[in-house]
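Participant: Let me give you the structure first, and then I'll get to my questions.
The values are calculated or read from the model by the stated rules, or taken from the named source; none is laboratory data. Values in this document were obtained by computation on a predicted structure and should not be read as measured data. Don't worry about glycine lacking a Cβ; one is built from the backbone with ideal geometry, like all the others, and counts go over all protein chains shown.
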Amino acid sequence: MTGKNFFGVCSYNDKSNYDSLEIIQYCIYIPLTYLSIKILNSVLPSKRVADYLKIPYLIFLKIYLLTDCILWGVYIIAIVVVTLNCTYFHTQDLTFFITLGNISKALLTLINPILRITYDPSLSNLIFKSSGGLDHEYLSSNY
């Protein structure tokens, strides 16, 4: 049962079961991500819990999870609308959500690595020091 799905991506293509399982998976993922962000918000202001080395990493996690949650949320909305359009509505106007879902998935693969390189303290220090470029600690201390 392989072939192109509604978004034009080659994948598993079982019309009866796959879309509902994917929707359930993301509907579980998004609340868990929101819960993680809520926990990070409660931990972040407490300087007794996190010393000065952990605070940048917690900020990175919060930004990363928030953007990930938003983009997956847009994708799940697109899946729901496209599934409903193909089964019930059959209108041409709702095919825009196919493009919206593809843009969301493309942004996930573009934005997440950029966020990791930019905001993850351990990874950005490693990249900047190994490339012989500017020291990221120097750049962040001057702001």
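Participant: Take the residues of the range 101-143 that are surrounded by 15 or more Cβ atoms within 10 Å (Cβ to Cβ) and among the hydroxyl-bearing types (Ser, Thr, Tyr): which is modelled with the lowest pLDDT?
Facilitator: The qualifying residue modelled with the lowest pLDDT is SER124.
Participant: Can you tell me which residue within the range 66-98, out of those that are touching a Phe, Trp or Tyr at 6+ places or on another chain (Cβ under 9 Å) and over 25 Å from LEU32 (Cβ atoms), is surrounded by the fewest Cβ atoms within 10 Å (Cβ to Cβ)?
Facilitator: Checked the range 66-98; the qualifying residue surrounded by the fewest Cβ atoms within 10 Å (Cβ to Cβ) is CYS86.
Participant: Starting from the range 83-111, take each residue that is closer than 16 Å to ILE23 by Cβ and list its partners that are of a type in the set (D, E, K, R), counting only C-beta distances under 7 angstrom and pairs at least six apart or across chains.
Facilitator: Short answer, once both residue conditions are applied: THR83/ASP19.
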